Amino acid sequence: MTSRQAAGSKHILLFTFMRWVTNTNLRMLYPFLAVFARGMGVDILSISLVISTRFLLAMFSPLLAPIADRLGRKTAMLAGMTVFTTSVALVYFFPTFPVFFITHCAAFLGGFLVMTSIQAYLGDHVPYEQRGRMFGVLEMGWSLAFLLGMPLVAFLVGRFGWQSPFPMLAVFGLLIIFALQRLVPGDRPVKGSQPTSWEQYRSILRSPIVLYALAMTAVLGVYSEVIFMIFGVWMEDAFGLLIAGLGLVSALLGIAELGGEALTFKLADRLGKLNAIRAGVIISAVVAAALLFTTRSMPLALAGLVLFTLGFEFAYVSSVPFLSEILPASRATFLGINAAALALGRGAATIISPIVYNYGIQANLLVALAACLAALFIVGRLKQSVKGTGILG
């Protein structure tokens, strides 16, 4: 193992824990929406507004990403974790909806800065040929937030009330800040990354490779969310699943996410990142096509949802190490813009999904299939575009 690779892999468990903590805060709103609403004396629509605001903020959050290019990855991580930790602590001390709304949005932005800074750090320190493995481990913080984080949150809420997860997250945040300060070496801004943000954005968005990459990410967001947004309603309408059944389905999808990340760990570096993205999209496309004819069978529908989710997670997680190599001098800035593209795709799908569902789940599956085919086309264009540029596929 080279010293450069060791510098990246040495801290991967800490980085994965950071992702787990910040993602647990994000994901716990979904299963405990009604619990938080009752605790603050508001209706579910008010809490749902917080989630909608997150999508909006994600599209503007690239304005934060240049911090990691200008001040260094470690500084940005510390800043993001400080904002996150302060925000979740304030909810415990001031348990009102206005405070929750503001601090949850602030915690999201802090977590976003943490995510892009970690991705940029790994891009700096892990050789491209090994980067799929590292990102596969890192993104387990997303699926484990659901598989491990939600049972822990459920235990705390059931025993100590709706506010109890927040001091836990704050303590974890303080431990992470201490560990970052002690264990992660300081780093200098990337050479050549000092122009104004506007100049950076203009330079980034001039590249055809960048535009193809952002289009790919947005389309991945569409094809995933157009199904994920409505799967609970579909399961209830078609098969009469109640809360316990939907909880089991959600757990299965969490396992599928973990499986997609494991595939990235095992295969992305061997196949090549673009080939891995293509393989994941093909899995989802084949499943979406098959589900068109099997929507009346609950076992087949559940199996299809699991495989569809696995395919998406394999494709998306494999895309991040590829994207981390496109603009090394503005790595964090570009990864921030890419995260906004994903949010744009998902946000569009949250609007489209319930509308097309009025025509039945087959309509959602057709939209997902069309988006998969668009993603495959864009991946093909990307493979052509990177030839001879020095960017590895």
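Read-outs throughout are calculated quantities, based only on the coordinates presented, and are distinct from any laboratory measurement. In this text the structure is predicted, and so the values were computed from the model without any measurement. Cβ coordinates were reconstructed from backbone atoms using ideal geometry, including for glycine residues, and neighbour counts include every protein chain displayed.
Work the Kirkwood hydrodynamic radius out for the range 197-386: mean of 1/r over every pair of different alpha-carbon atoms, inverted, in Å.
Numbers: mean 1/r = 0.0588 Å⁻¹.
Evaluated on the range 197-386, it is 17.0 Å.
Roughly speaking, what is the centre-to-centre gap between the range 253-306 and the range 47-84 when only Cα atoms are used, to the nearest Å?
If we compute the Cα centre of each part, the gap is 29 Å.
Order of VAL83, VAL114, VAL226 from fewest to most other C-beta atoms within 10 Å? Intermediate results must be reported in sequence, preceding the final value.
Values: VAL83 22, VAL114 26, VAL226 30.
Going from sparsest to densest Cβ surroundings: VAL83, VAL114, VAL226.
Once you have the Cα-Cα distance between VAL233 and ILE44, take 0.36 nm times their residue separation minus that, and quote the gain in nm to one decimal.
Numbers: separation 189, 0.36 × 189 = 68.04 nm, distance 1.64 nm.
That works out to 66.4 nm of additional length.
Using a cut-off of 11 Å between beta-carbons, work out the net charge of the residues near VAL386 (Lys and Arg +1, Asp and Glu -1, VAL386 not included).
Residues near VAL386 contribute +3 overall.
Which length gain, in nm to one decimal place, applies between ALA34 and THR82 when the Cα-Cα distance is subtracted from 0.36 nm times their residue separation?
Additional length available on full extension: 14.4 nm.
Which ordering of ILE209, ILE227, ILE351 is given by a fewest-first count of other beta-carbon atoms within 10 Å?
Ascending Cβ contact count within 10 Å gives the list ILE351, ILE209, ILE227.
How high is the relative contact order of the range 3-183, in percent, counting Cα pairs under 8 Å that sit 6 or more residues apart?
Answer for the range 3-183 is 40 percent.
Using 1/(1 + (r/R0)^6) with R0 = 41 angstrom and r between the beta carbons of PHE377 and ARG296, what's the FRET efficiency to the nearest 0.05?
Result of the calculation: an efficiency of 0.85.
Would you mind giving the three semi-axes, in whole Å and largest first, of the ellipsoid equivalent to the range 3-183 according to its Cα gyration tensor?
Working from the Cα gyration tensor, I get semi-axes of 29, 17, 14 Å.
Using helices alone, what [θ] at 222 nm do you get for the chain, with -39,500 (n - 2.57) per DSSP H run of 4 or more residues, divided over all residues and rounded to the nearest 500?
The helix-only estimate for the chain comes to -26000 deg cm²/dmol at 222 nm.
Order of SER46, SER117 from fewest to most other C-beta atoms within 10 Å?
Sorted ascending by nearby Cβ count, the order is SER46, SER117.
Less than 15 Å Cβ to Cβ from ILE176, Lys/Arg counted +1 and Asp/Glu -1: what total charge do the surrounding residues give?
Working: positive: ARG19, ARG73, LYS74, ARG182; negative: none.
Counting the neighbours of ILE176, the net charge comes to +4.
With the crude spin-label approximation of a point 7 Å out along Cα→Cβ, what separation in nm comes out for PHE55 versus ALA348?
Distance between label points: 1.3 nm.
Along each of the three principal axes of the Cα atoms of the range 225-321, give the extent in whole Å, ordering the values from largest to smallest.
42, 26, 19
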